[in-house]
1. Using only C-alpha positions, report the orientation-averaged shadow area of the convex hull of the range 4-68, nm², one decimal.
2. Run the numbers for residue 79 and residue 36: contour at 0.36 nm per residue of separation, minus the present Cα-Cα distance, in nm.
3. Relative to the longest principal axis of the C-alpha atoms of the chain, give the angle of the C-alpha long axis of helix 87-96, reported between 0 and 90° and rounded to the nearest 10°.
4. In degrees between 0 and 90, to the nearest 10, how far off the longest principal axis of the chain does helix 55-68 point, with axes built from Cα atoms?
5. Kindly work out what percent of the DSSP beta bridges joining two residues of the chain are antiparallel, to the nearest 5.
6. For the chain, modelled as a GNM with alpha-carbon contacts under 10 angstrom, which of 109, 43, 31 fluctuates the most?
7. Give the whole-number value, in cubic angstrom per residue, of the convex hull volume spanned by the C-alpha atoms of the range 70-174.
8. So how tilted is helix 156-166 from the main axis of the chain? Cα-based, degrees 0 to 90, rounded to 10.
């Protein structure tokens, strides 16, 4: 099964996308430079070949680009290919995809939805492996008490805060005076 990848520009910088026939397999948020983003795509998808973006993938790219520009979309309509991922990670990602822009859950709440309230740390680890940030919106999952938690994409928790602010998530959007 052939994997393709390409870079595309957004309001946040140069992102990357990888795909197979069944759907997207990876999204890369901007690194320090387009060259760094390109290198990260080659590292994460060593068997992928750089290609022009086919029409179905272009629709996904347009949706991601629009979302990052402020036209908020849950992006649930984008087809994903989870082949090769663990059953647990896939379950975490499916639950995470149900969290719309401007909403958040805690790692423990995701674990509870999985039927395993003691799996909060495992949920965090699965989200740290998420190959599809934005489309699988791991930035919307917080640590207990609404703490920011971690974020493995470029820029770390600064980027996570920016994404939550863009989506007007409570506590991350416009500053409050009182």
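Computed from the coordinates by the stated procedures, all read-outs in this text should not be read as laboratory data. Bear in mind that the values here come from a model prediction, so they are computed numbers and not experimental data.
1. Projected area, direction-averaged: 3.9 nm².
2. Values: separation 43, 0.36 × 43 = 15.48 nm, distance 2.63 nm.
Here the segment from residue 79 to residue 36 would lengthen by 12.9 nm.
3. With rounding to tens, the tilt is 70 degrees.
4. Roughly 40 degrees, rounded to the nearest 10.
5. 70
6. Among 109, 43, 31, the largest GNM mean-square fluctuation belongs to 43.
7. 92
8. 80
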